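The values are calculated or read from the model by the stated rules, or taken from the named source; none is laboratory data. Computed from a predicted structure; not experimentally measured. Here Cβ is always computed from backbone atoms with ideal geometry, including for glycine, and neighbour counts include all displayed protein chains. With ligands, DNA and RNA removed, areas are computed over all heavy atoms of the protein, side chains included. Shrake-Rupley method; radii C 1.70, N 1.55, O 1.52, S 1.80 Å.
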Amino acid sequence: MNLLGIKDLSCDEISNLLDMADVYLDKIQTKEIAEPILQNKVLINAFFENSTRTRISFEMAAMRLGGQVINFSAASSSIKKGETIIDTLQTLNMMQPDIFVVRAKQEDMPGLSSKHLSCPVINAGSGMSSHPTQALLDALVMRKHLKRLDGVKVAICGDIRHSRVAGSNIELLQKCGAIVHLIAPEEFLPKSTNINTKLYTDMNDGIAGVDVVMMLRVQKERMEDNIWFDEHAYFKHYGLTHDRLKQFAPKAIVMHPGPMNRGIEIASDVADNADYSVILQQVEAGVAVRMACLDYSRTS
Ligand code: NCD
């Protein structure tokens, strides 16, 4: 079974995947060895874009399930010699991988991969719209802390327009009945929204009374060159500081998918405050969710 986007999952399927991930998280934390369901299986981790936590957590997840991993990096591949993406995909397919995990800046890369590969394909982040395993791991952490997703108020703050993390989170949270506040300067807000989503340009209004504040990195690499960006002004208006959090969302947990830009979207004393920051828990949950996704990909 492929996992190309949150659009392919119902709320029940999301919930089942999170239940499975919970069991894996428990095993990771207690250092219990998981059943080697990927024994004799080989996963290709095909990353056409940079990554630290997503790539390594897929690798860790596959190995924890007894599988083996080949890391493909576009920067050192024949793509640099002019080979087309389709030729690359067909070439990799003929080596008979058992699972194909792919990240790329093209939105349609996971779909294209699923057409050219005979094994299950998992989207590890595509373009500016989709990053399903990130949204699942975020949901796992939220559910752990808040015991539910239905009715939970989540503020997503930052460069929403260029963020696939925001894209998949919005989709998942809406499916599961959460209320989403999107906070950003006009030029970072999405061009359209759906029900249960409110837009804010004022951060204090947007985070007021929420259960979760999810901060996003400003993705300069995805912006058109002429976009305005002043880091100091941005931090003043949209940076998450301890005082702002305690004044407007005193009970909220703080999330960030990483990589963080400290002093631009988030203050260090917020990022490192274990009373409410769950940023490192997200990394740990990432391995468990990817184990669950690899497990799920074996079903037909
Ligand atoms: C994000 C990504 O690459 O989409 N990181 C991640 O996967 N944890 C977000 C980002 O690059 O800011």
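Can you grab the distance from the C-alpha centre of the range 174-191 to the C-alpha centre of the range 218-279, Å, no decimals?
16 Å
If I build a Gaussian network model for the chain, linking alpha-carbon pairs within less than 10 angstrom, which residue out of Asn50, Asn194, Asn169 has the largest mean-square fluctuation?
Largest GNM mean-square fluctuation: Asn194.
Determine which residues of the range 178-193 fall in the zone a paramagnetic label at Asp230 would reach in this model, i.e. backbone nitrogen under 19 Å from the point 7 Å along Cα→Cβ.
Within reach of a label on Asp230: 184-189.
To make sure I understand the rule: partners must be lysines, Cα under 21 Å from the Cα of Lys251, and not fewer than 8 residues away in the same chain. Which ones qualify?
Lys144, Lys147, Lys153, Lys198
Round to a whole number: what % of the accessible area of the range 132-282 belongs to carbon and sulfur, probe 1.4 Å?
Carbon plus sulfur share of accessible area: 48 percent.
Using only the Cα atoms, work out Rg/Rh for the chain, with Rh taken as the Kirkwood radius, to two decimals.
Using Cα coordinates only, the ratio equals 0.97.
Between Lys105 and Thr30, what is 0.36 nm times their sequence separation minus the Cα-Cα distance? Round to one decimal in nm.
Contour length minus the Cα-Cα distance gives 23.3 nm.
Which residue fluctuates the most in the chain, going by a Gaussian network model with Cα springs under 10 Å, if the choices are Arg222, Arg164, Arg55?
Taking springs between Cα atoms under 10 Å, the residue moving most is Arg222.
What percent of all Cα-Cα pairs in the range 132-282 falls into each 10 Å bin, going from 0 up to the bin containing the maximum distance?
Whole-percent P(r) values from 0 Å outward: 12, 47, 36, 6, 0.
Compare Met223, Met215, Met63 in a GNM of the chain, Cα atoms joined below 10 Å, and give the one with the largest fluctuation.
Evaluated over the chain, the most mobile residue of the options is Met223.
Given H placed 1.01 Å from N in the peptide plane, which residues other than close sequence neighbours of Met214 have an amide H under 5 Å from its amide H?
Amide H neighbours of Met214, under 5 Å, 5+ apart: Ala155, Ile156, Cys157, Met255.
For Lys80, go through the lysines and keep the ones whose alpha-carbon is under 30 Å away, minus same-chain ones fewer than eight residues off.
Lys41, Lys105, Lys115, Lys220
Could you derive backbone 3J(HN,Hα) for the range 176-187 from the dihedral phi with the Karplus parameters 6.51, -1.76 and 1.60 (θ = phi - 60°), listing whole Hz in sequence and x where the residue is Gly or Pro?
9, x, 7, 9, 10, 9, 10, 10, 5, x, 2, 6
Please turn the phi angles of the range 253-265 into ³J(HN,Hα) values with the Karplus equation 6.51 cos²θ - 1.76 cosθ + 1.60 (θ = phi - 60°), one per residue in order, whole Hz, x for glycine and proline.
With the stated coefficients, the range 253-265 comes to 8, 10, 10, 7, x, x, x, 8, 10, 4, x, 10, 9 Hz.
For the range 68-148, which trypsin sites (Lys or Arg not before Pro) are in a loop by DSSP, counting at most 10 other Cβ atoms within 10 Å?
Passing sites in the range 68-148 are Lys147.
Out of all DSSP beta bridges with both ends in the chain, state the antiparallel percent to the nearest 5.
5 percent
Near the amide H of Val69, under 5 Å away, which other amide H atoms are found, from residues 5 or more places off or on another chain, if H is placed in the peptide plane?
Close amide H contacts, sequence-distant or interchain: Leu43.
Taking the Cα centroid of the range 3-68 and of the range 91-166, what is the distance between the two, rounded to the nearest whole Å?
12 Å
Give me, ordered by chain and number, the residues 5 or more places off Leu3 or on other chains with an amide H under 5 Å from its own placed amide H.
Val121, Ile122, Asn123
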